[in-house]
Amino acid sequence: MAAPTQRRRPELASFLRSRRARVTPQDVGMPPGLRRRTPGLRREEVAQLSGVGVTWYTWLEQGRPINASPQVLDAVARTLRLDPPEREHLYHLAEVAYAPDAEDDAQSISPELQGILDALHPHPAVIYNGRYDVLATNVAYRTLFMGPEHELTDLRNVLWTLFTVPEPTCPLVHRDQELPLMVAQLRGSYGRHVGEPAWESFVRRLSEASGEFARLWASGDVVPPGARVKTFRHDAVGELRMTSVSLSINGMPECRIVTYTPNDDHSRRAMSVLCGT
């Protein structure tokens, strides 16, 4: 069986050829010319428009083992009019660390996704990105976590909140078990964003604000998201045991829906009281 790198090169070559074939000279402001046998752009035209050498681009499209910088791949992606998923695919095939555009970091939530969260009521549900920014919530989530009992009325990033609020107001009962796992999940996401200003600034600022976070971050642990039973406290109903499940979202690879389902009868009754159901 071919090694992953050997397999990616033919895939990269095929992908570039297919993307080049769909871009016409008119698309990039060039005259169509006569006797064009090549569908779409020629290799030399892609090279010229991307500001790279013809030989280099030819070798890239042939799948030869050459190095490509993010700047050059971005130029090729612009010439071939790649959309964000295609651009990410190009990076992976070329074995270059993918860095989303800055605007990709703050993704908007569609009405359809918000509708899914709302339909999960009375189960708390939230959409996080890879940095644990809170992108959308439903009423049950806000009732459980964002009431005045916890002083979490401005919950924009879960990790920042959990590491900086006074421990008595933290909704996590077993924070010494849960916070290391959350930081380990953060590090797993960070691997795709090393060097990005927004991520580097977030890690630096939270490390300065919380020695506990700085210590856990320095451990280097990495774990993937997964189903877990977590215990929360709420002044109005006491402790609640909730099963959290993380669901991926098509078209938003950096984001996930996390739902919380009561794990026992007491927790079900408590959520019913909080949500008035």
Condition met for THR143 (at pLDDT below 90 and in a helix (DSSP H, G or I)): yes
Out of the residues in region 164-180 that are open to solvent by 50 Å² or more (accessible area, probe 1.4 Å) and in a helix (DSSP H, G or I), which is farthest from GLY130 (Cα to Cα)? PRO168
With criteria (1) modelled with pLDDT of 90 or more; (2) among the β-branched types (Val, Ile, Thr); (3) surrounded by fewer than 11 Cβ atoms within 10 Å (Cβ to Cβ), THR5 comes up short on (1)
Here the qualifying pairs (Cβ atoms under 9 Å; residues six or more apart or on different chains; first in region 112-129 and among the charged types (D, E, K, R); second open to solvent by 20 Å² or more (accessible area, probe 1.4 Å)) come out as ASP118/VAL139
Odd one out for HIS150 among (1) at pLDDT below 90; (2) touching a helix residue (DSSP H, G or I) at 6+ places or on another chain (Cβ under 9 Å); (3) part of a loop (DSSP other than H, G, I, E, B); (4) surrounded by fewer than 20 Cβ atoms within 10 Å (Cβ to Cβ): (4)
Being open to solvent by less than 50 Å² (accessible area, probe 1.4 Å), touching a helix residue (DSSP H, G or I) at 6+ places or on another chain (Cβ under 8 Å), outside any loop (DSSP other than H, G, I, E, B) and at pLDDT below 90, is that true of even one residue in region 95-104? yes
Is it the case that ALA21 is in contact with a Gly (Cβ under 8 Å, 6 or more places away or on another chain) and open to solvent by less than 70 Å² (accessible area, probe 1.4 Å)? yes
Here the residues within region 241-273 that are in a strand (DSSP E or B) and more than 30 Å from PRO85 (Cβ to Cβ) are ARG241, MET242, THR243, THR261, PRO262
Residue within region 241-257 that is open to solvent by less than 40 Å² (accessible area, probe 1.4 Å), under 15 Å from the mean Cα position of the chain (by Cα) and of a type in the set (Lys, Arg) present: yes
Which residues, counting only those in region 212-240, are open to solvent by less than 60 Å² (accessible area, probe 1.4 Å), assigned to a helix (DSSP H, G or I) and not aromatic (Phe, Trp, Tyr)? GLU212, ALA214, LEU216
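The values are calculated or read from the model by the stated rules, or taken from the named source; none is laboratory data. Remember, predicted model here, so these are calculated numbers, not experimental data. For neighbour counting, all protein chains shown are included, and Cβ atoms are generated from backbone atoms with ideal geometry for every residue, glycine included. Just the protein is used for accessible areas: all its heavy atoms, side chains included, with ligands, DNA and RNA removed. Shrake-Rupley method; radii C 1.70, N 1.55, O 1.52, S 1.80 Å.
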